[in-house]
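Asks: Quick one: the structure is below, questions incoming.
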Amino acid sequence: MTAIDAMTEADLEAAIDIDLEAFVPSELGAGAEDPRVVRERSLREELVRPWARLRAARDEAGRLVGYALFWHVLDEVQLLNVAVAIPSRRQGIGRALMNDLLSYARGHAVTRILLEVRASNTPAIALYESQGFTRFNIRPRYYADDEDAVEMLRTL
């Protein structure tokens, strides 16, 4: 059973490890800088932004195995990241994080949730579609490696 709660500063090292497994350095905003340093700075900034929400998925021992990062502004949520540690994938953790996000949205008068996902990330697209998201646009060459992004929307 996966427990979902608020991410704290104590979770940063584990979240950075997950990010470095899940994303290429350019997706983390790292150019010439060390990706770990860039990601730590970014996550610390998100922890203090009043509109940012970081939700942590924990295993039975309380270890961070995944997280979701989203921004809540007015009646809209922008999902920025869903990341699951490689050894914990295909165990329903991403789905649990998405269910937590939808529960949050319903409880906070959110009318729509938006996200972008790599066009090649078929497992994530399938997860989002199973959660009621629909594709509504392609952003050509959106990522630093020129891959397209699929924009998706869920209205509530």
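Here, each number is a calculation from the coordinates, and none is a lab measurement. A quick note: this is a predicted structure, and the numbers were derived from the prediction, not measured. So basically every Cβ, Gly included, is an ideal-geometry build from the backbone, and we count neighbours across all protein chains shown.
Asks: Give the whole-number value, in cubic angstrom per residue, of the convex hull volume spanned by the C-alpha atoms of the chain.
Replies: Values: hull volume 17.1 nm³, N = 156.
Once divided by residue count, the hull of the chain is 110 Å³.
Asks: Let me ask something else. Suppose the chain between residue 8 and residue 41 were pulled fully straight at 0.36 nm per residue; how much longer would it get relative to their current alpha carbon spacing?
Replies: Answer, rounded to one decimal: 10.5 nm.
Asks: Same structure again: Where both partners of a DSSP beta bridge lie in the stretch 3-155, what percent of those bridges are antiparallel, to the nearest 5?
Replies: In the stretch 3-155, approximately 90 percent of DSSP beta bridges are antiparallel ones.
Asks: Using helices alone, what [θ] at 222 nm do you get for the chain, with -39,500 (n - 2.57) per DSSP H run of 4 or more residues, divided over all residues and rounded to the nearest 500?
Replies: -10000 deg cm²/dmol, from helical runs alone.
Asks: Another one. Using Cα centres only, tell me the gap between the stretch 88-144 and the stretch 57-82 in whole Å.
Replies: 11 Å
Asks: GNM, the chain, Cα, under 10 Å: largest mean-square fluctuation among 119, 56, 68?
Replies: Comparing 119, 56, 68 in the GNM, the peak value goes to 119.
Asks: Explain nothing, just the number: dipole magnitude of the chain about its Cα centre with +1 on each Lys and Arg Cβ and -1 on each Asp and Glu Cβ, in debye rounded to the nearest 20.
Replies: Roughly 520 debye, rounded to the nearest 20.
Asks: I want the local charge near residue 93. Using Cβ-Cβ distances under 13 Å, sum +1 for each Lys or Arg and -1 for each Asp or Glu among the other residues.
Replies: Around residue 93, the surrounding residues sum to +3.
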